[in-house]
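Down below is the structure, laid out as structure tokens.
The values are calculated or read from the model by the stated rules, or taken from the named source; none is laboratory data. The model shown is predicted, which means the values in this text are computed figures rather than measured ones. Cβ: placed from backbone, ideal geometry, glycine included. Neighbour counts: every protein chain shown.
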């Protein structure tokens, strides 16, 4: 039966926790013994195709969006026990119905995240869903462990911060595995997936967008660019994809191309680019005609609904390679 774990009010009020000092042996707290703990499982075991994970516990560090719930459903369908740590103000409360246990934390309570996973017997976890960057600037409530972490990563880009967070978890014997575990079917395929075939101009715009993202990747900036007839209208910064599209709509005449791709050096265990029905709805409002996403490195959430909307609005969805070539449509 699912167990809900509430956040103590006192800890919420202070944002601090005096029990964060590491215990002998390097862990914040001893792991539970007996039935409460899963047998130790190396990260490589979770990555074996066709593995039997029944009865194993997988941790879920959940952000916003539908992806955490999709992961939880699939993991439990495969017989896993899912122990979630969710973020207040970010994670959908409906996740409580999809997991076996859940602890709610505020952004920055890293010590509490680690202790919660240890108590649940978690030695492998996924990081699924995002954290709103603008909102996090005002909602950050670090505990002592989180404060020390924030002081070390201040000024770093998204990917560097996530790598550091994964390293922090792994330093406490919580191995981070890809968020696509069990959900590889959500990765975009190469070629045209929905909507009409894009024009020659559009294919050129896709390649331009990919060149821009490749150049920005070294700076750990954004995963999205909007191009219209050879002109870059908008590049994603802290505001996210939807606001980038709206900004581009104010600058362009319509018929733009949204290009979304992972940074070339990105750690693919987390923060993969993702699109879904909401993306298509925003594109329609912004008068964007084509969505180009990197095949094999971008998530398509609720693909059936996304493709249905694309067909309805006449929006093309294509999967391209890192250079912008679209299988079956491009010359190269």
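The figures follow:
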| item | result |
| --- | --- |
| Some residue of region 174-185 being part of a helix (DSSP H, G or I) and under 24 Å from residue 261 (Cβ atoms) | yes |
| Filter pass, residue 187 being crowded, with 16+ Cβ neighbours inside 10 Å, within 15 Å of the chain's Cα centre (by Cα) and closer than 28 Å to residue 328 by Cα | yes |
| Counted residues, region 82-111 - those being out of contact with any helix residue (DSSP H, G or I) (no Cβ under 6 Å at 6 or more places or on another chain), crowded, with 20+ Cβ neighbours inside 10 Å and over 19 Å from residue 58 (Cβ atoms) | 2 |
| Criterion: crowded, with 23+ Cβ neighbours inside 10 Å and under 19 Å from residue 232 (Cβ atoms) - qualifying residue of 292, 322, 249, 310 | 292 |
| Out of 198, 142, sole residue that is assigned by TED's automatic domain parsing to the domain that holds residue 71 and surrounded by 19 or more Cβ atoms within 10 Å (Cβ to Cβ) | 142 |
| Unique match (being at pLDDT below 95 and either in the same structural domain as residue 61 (by TED's automatic domain parsing) or not in a helix (DSSP H, G or I) (or both)) among 125, 86, 167 | 167 |
| For residue 78: the one exception among (1) within 27 Å of residue 154 (Cβ to Cβ); (2) surrounded by fewer than 24 Cβ atoms within 10 Å (Cβ to Cβ) | (1) |
| Qualifying residue in region 206-229 (condition: assigned to a strand (DSSP E or B), in contact (Cβ under 8 Å) with a residue 60 or more places away in the chain and at negative phi) | yes |
| Any hit, region 260-267, residues being touching a residue at least 24 places away in the same chain (Cβ under 8 Å) and within 30 Å of residue 118 (Cα to Cα) | yes |
| Which listed residue is under 16 Å from residue 323 (Cβ atoms), more than 22 Å from the chain's Cα centre (by Cα) and not in a helix (DSSP H, G or I), from 232, 257 | 257 |
| Top-ranked residue of region 71-87 - restricted to ones that are touching a residue at least 40 places away in the same chain (Cβ under 8 Å) and in contact with a strand residue (DSSP E or B) (Cβ under 8 Å, 6 or more places away or on another chain), ranked as nearest to residue 132 (Cα to Cα) | 87 |
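Okay, residues lined up against (1) closer than 30 Å to residue 122 by Cα; (2) modelled with pLDDT of 95 or more; (3) buried (at least 20 other Cβ atoms within 10 Å of the Cβ); (4) within 24 Å of the chain's Cα centre (by Cα):
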| site | (1), (2), (3), (4) |
| --- | --- |
| 202 | no, yes, yes, no |
| 205 | no, yes, yes, no |
| 210 | no, yes, yes, yes |
| 223 | no, no, yes, yes |
